[in-house]
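Single-structure report; data block below.
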Amino acid sequence: MKKSIIVLVSFLLLLSCSNKVEDPSEDIKNESLMEARGYPDNSSTKFGKIGLWIEAKSAIIDWGDGIKDEVYLNGSGSNIEHFYNNANYQKVKIYASELKKINFNKDGLYYEVDIKKAPFLTHFVGDKDMRKIEFDYIPNIIHFDIENGKFDESDLNSIFNNLPTVDAGVIRIGGNPGRINCKTAIAINKGWDVKISI
């Protein structure tokens, strides 16, 4: 009987430590949510690989292929990687608790990001081929890096309009097609230092 109890407890502990989850908890779902769309790596050495870097208390990544990974970071940063069995267009959902920093400039190509909720986010780094970012308001953002993206002047002006007013923020737009003719004054008047050169 004692042996059976030990086996049962060990099994329950194994389940509790697993990083595979059925569905994001309501607390995390209601706090932060981003959707990212793009392609995993299609090179021979990294075929099907996609990744991102986040700093948060915890996060659940829904890779869109039936796999969800849960990570406990306790406020530190970490690379999170996933492999698909193909290099097709994918949609990734990111749920997080106290998400402060995120970097999409890793393996794979993230073309579009929709920041639905991110109340704690301070730092955002986009992919070098990113061409669309949707967000209404990110209250605590102070660092916004979209260098080498595909944003024209209209796209950049829209981003500037949606940025909050800050004491001191930095936005990097070097390498984007619209960097020369965009209205940087929109962001500058909100306290942002606009970096046009890479």
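The values are calculated or read from the model by the stated rules, or taken from the named source; none is laboratory data. Only a predicted model underlies this, so the values are computations on that prediction, with no experimental measurement involved. For neighbour counting, all protein chains shown are included, and Cβ atoms are generated from backbone atoms with ideal geometry for every residue, glycine included. Ligands, DNA and RNA are excluded from the accessible area calculation, which covers all protein heavy atoms including side chains. Shrake-Rupley method; radii C 1.70, N 1.55, O 1.52, S 1.80 Å.
Observations on the model:
- Pairs with Cβ under 9 Å, 6+ apart, first in the range 41-70 and more than 19 Å from Tyr110 (Cα to Cα), second among the β-branched types (Val, Ile, Thr) and surrounded by fewer than 19 Cβ atoms within 10 Å (Cβ to Cβ): Ala56/Val71; Ser58/Val71; Glu70/Val21
- Residue match in the range 70-83 (condition: in contact with a strand residue (DSSP E or B) (Cβ under 9 Å, 6 or more places away or on another chain), part of a strand (DSSP E or B) and within 13 Å of Ala36 (Cα to Cα)): no
- Inside the range 162-176, residues that are charged (D, E, K, R) and within 21 Å of the chain's Cα centre (by Cα) make up a count of 1.
Results for (1) open to solvent by less than 30 Å² (accessible area, probe 1.4 Å); (2) in a helix (DSSP H, G or I), shown as yes or no for each residue.
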position	(1), (2)
Lys93	no, no
Ile115	yes, no
Lys128	no, no
Glu147	no, no
Phe160	yes, yes
Thr165	no, no
Asn181	no, no
Asp193	no, no
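- Top-ranked residue in the range 53-70 [being of a type in the set (Asp, Glu) and open to solvent by less than 40 Å² (accessible area, probe 1.4 Å); ranked as nearest to His123 (Cα to Cα)]: Glu55
- Verdict on Phe144 being of a type in the set (Phe, Trp, Tyr) and over 27 Å from Glu31 (Cα atoms): no
- Residue in the range 71-83 that is among the charged types (D, E, K, R) and open to solvent by less than 30 Å² (accessible area, probe 1.4 Å) present: no
- Some residue of the range 88-95 being at pLDDT below 95 and of a type in the set (D, E, K, R): no
- For the range 97-113, a residue qualifies if it is in a strand (DSSP E or B), more than 10 Å from the chain's Cα centre (by Cα) and over 12 Å from Gly38 (Cα atoms), and exactly one does: Ser97.
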